[in-house]
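Readers should treat all values here as calculations from the given coordinates under stated rules, not as data from a laboratory. Everything numeric in this text was worked out from a predicted model, so none of it was measured. Cβ sites come from the backbone with ideal geometry, for glycine too, and all protein chains shown count toward neighbours.
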Amino acid sequence: MEPAKRARIRNGLALAAFLALVGWTAWQTSKRPVRNWDMLCYMALALEWGEDDPVEVHRLTYEAAQERLPPRFYQNLLFGGFQVRAARYQDPAAFTEHLAFYRARVLYTLPLFLAQRMGAPLVDATWWLSIASWVGLALLTLAWTRRCLPFPAAAALAAVVVHVPPVLDAARFSTPDALTTLLTCGGIYCLAVRRSLLCGAAILTGSLFVRPDNVILIVLLIATLFLVDEREARPSLRFSAAWLVLSVALYLGLSKWSGHYGWWPVFWITMVQKEVYPSRIPTAMDAEVYWEAFKAKSARVLGTADVYWAGAYAGFAALALALWARAGRPACNRRHAAILLALLATFVVRYPLFPQLWARFLAPLYVLVPLLLMTMLVEARKSRSAPLHEDVLAG
């Protein structure tokens, strides 16, 4: 059999195995979603696209949940864990006030609305969208790895990357985290692999419609690309300024449109105590309360597996940057180093603002670090072998 034909068969078998594994994982994940309370807010916001009455939105949301969820899960959403859950169920005004925390994530709630209009159960759509995003992430990861490795090795590495527990965890939640991971990785893929600043900037800025706090990564990425990337390839000052202004303006506009209460109420209701009416939480930071809550939450985080995952991946990224600097900061890896630096800086900046290491929040880090490390190694190897090829050709 000809080598080319054997290669096609081998690649076809690797692709079939990869798709079968991804499909099986997606199916198994659909059987055990987390059914988190946030699901109710996203369902309500999906209904808001076609219904203006908050009382009616509240009624339809809980009716849809009761219809599709097993009784014990439904009762947990109503009364489990926090007393405020009962208040949100009993008082449409209290429930509606909580929607402001989520309303800006329109690229997550609008597809839910469209799915419901096409006949899909709204409850199921909340986690099927997360699973579909994870499947898209798996295909994107394969597209990335196959540009650097032989196809069987690329398929194996892509399967490992997306099946790491913290990444797979995002697919189980009725939240935008899996979709955010897909868009963030898609934008970085355009920047790091396709070398398209415009495409990468457009996708990353679009991700603000899913998670507005992605603006932190964008701001830091603009800075690191401008300061670290190769002079010929780095974004111009005009492009960087335009990208920065557009992203910050979009973030502020989404916050105002959604009625978001600001950072301190988010911190308070997550780290200090739940509130029935979040609009009554003061917007001015209380430094003493913040410090006590930060210490208490950090102490609890240290006892979880999340800290080991986050620490390991952040450590790998820092080690890669240190080795890159020790090697003389080769030009072939400058953009990848700039992106890794932005990811690490985002990790450092976000933690004091929201001292939590939930796996689904950090899923982009868990996908991008191994992919960027792989790309840096491949690019460095190509760069070292290039002079030898040129000498051979010249001879």
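Once a ≥ b ≥ c are taken as the square roots of the eigenvalues of the Cα gyration tensor of the chain, is the result rounded (a/c under 1.5), prolate (a/b larger than b/c) or oblate (a/b not larger than b/c)? Taking the square roots of the gyration eigenvalues as a ≥ b ≥ c, the chain is prolate. Applying a 4.7 Å Cβ-Cβ cutoff to the chain, the cysteines left without a disulfide-compatible partner are 41, 148, 185, 332. Residue 32 to residue 236: extension gain in nm, 0.36 nm per residue of separation minus the Cα-Cα distance? Length difference between fully extended and current span is 68.7 nm.
Longest stretch of the chain clear of exposed loop sites (trypsin sites (Lys or Arg not before Pro), DSSP loop, at most 16 other Cβ atoms within 10 Å, sites excluded): 1-146.
In region 128-152, which residues have a backbone nitrogen under 16 Å from the label point lying 7 Å from residue 16's Cα in the Cα-to-Cβ direction? Under cut-off, by backbone N: 152. Within the same chain, lysines fewer than 8 places from residue 297 are excluded, and of the rest, those with a Cα less than 21 Å from its Cα are 274.
Residue order for 173, 354, fewest other beta carbons within 10 angstrom first, comes to 354, 173.
Considering only 33, 70, 92, the mean-square fluctuation computed in a Gaussian network model of the chain, springs between alpha carbons under 10 angstrom, is largest for 70. As a proxy for reagent exposure, 2, 51 were ordered by neighbouring Cβ count within 10 angstrom, fewest first; the result is 2, 51. Given R₀ = 25 Å, what would the calculated FRET efficiency be for residue 351 paired with residue 289, taking r from the Cβ atoms and rounding to 0.05? Efficiency, rounded to the nearest 0.05: 0.90. Look at 358, 243 and count the other Cβ atoms within 10 Å of each Cβ; fewest to most, that gives 358, 243. Against the chain, whose longest principal axis comes from its Cα atoms, helix 305-326 is set at around 30 degrees. Between 0 and 90 degrees, the angle of helix 38-48 with respect to the longest Cα principal axis of the chain falls at about 80 degrees.
What size of dipole, in debye to the nearest 20, comes out for region 189-260 about its Cα centre when the only charges are +1 on Lys and Arg C-beta atoms and -1 on Asp and Glu C-beta atoms? Write out the running numbers ahead of the final one.
Details: 7 positive and 4 negative charges, 22 e Å.
Dipole magnitude for region 189-260 comes out near 100 debye.
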